[in-house]
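Colleague: My questions will all concern the structure given below.
The values are calculated or read from the model by the stated rules, or taken from the named source; none is laboratory data. What you see is a predicted model; the values in this text were computed from it and never measured. Glycine gets a Cβ as well: all are built from the backbone with ideal geometry, and neighbour counts include every protein chain shown. For the accessible areas, the whole protein counts, side chains as well, though only heavy atoms, and no ligand, DNA or RNA atoms are used. Shrake-Rupley method; radii C 1.70, N 1.55, O 1.52, S 1.80 Å.
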Amino acid sequence: MADEELKLFEESELERDLKKRVSIWLRASTRKRIEEMYQLDGCKSKSDYVERAVAFYTGYVLSDKADSYLSNMITSSLKSIIRESDNRLSRLIFKLAVELAITMNVVAANQGVDKEVLNTLRGECIKEVKKTNGIFTFDEADKWQKGL
């Protein structure tokens, strides 16, 4: 509902897009803050900065949910970051699974491994991976196999 109200507010404002000079009373500290910040925000003028601030605050006031307007923006940004991270991790895990499948097929083709030995090895590997928190290199596996 708040999004619809904000959209209606923005549309009605666009229809009356003619700028008019108005007088407002501001504290000296507020005027100083506007002077310091308007260019940092990429605004062309101080009035542009004040208009953006009013639009932002209006969105905040119109939001009728318990969480604030800014909270919704942060949540949306975080969801986007997490979604992209999930996609990246999924692609990497897929690539890793392909490489692992290749390795397993090469080893299986060249070594006749008994099922009992394979089950024992799987258990030992699970223990080793847990112990090293998943950081296990080929060199470490080679040393382990040689009993070093």
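Colleague: Counting only the backbone N, which residues of the range 106-139 are under 13 Å from the spot 7 Å out from the Cα of GLU99 toward its beta-carbon?
Modeller: Correct set: 136-139.
Colleague: Between ASN133 and VAL107, what length in nm is gained on full extension when 0.36 nm per residue of separation is reduced by their alpha carbon distance? Spell out each step's value before the answer.
Modeller: Working: separation 26, 0.36 × 26 = 9.36 nm, distance 2.43 nm.
Net length gain for the segment: 6.9 nm.
Colleague: Let me ask another. Probe radius 1.4 Å, ligands and nucleic acids ignored: give me the carbon and sulfur share of the accessible area of the range 80-148 as a rounded percent. Please report the intermediate quantities before stating the final value.
Modeller: Values: 3920 of 6420 Å².
Looking at the range 80-148 in its full context, I get 61 percent from C and S.
Colleague: On full extension of the chain, what length is gained from LYS44 through ASP142, given 0.36 nm per residue of separation minus the C-alpha to C-alpha distance?
Modeller: Working it through step by step, the gained length comes to 28.8 nm.
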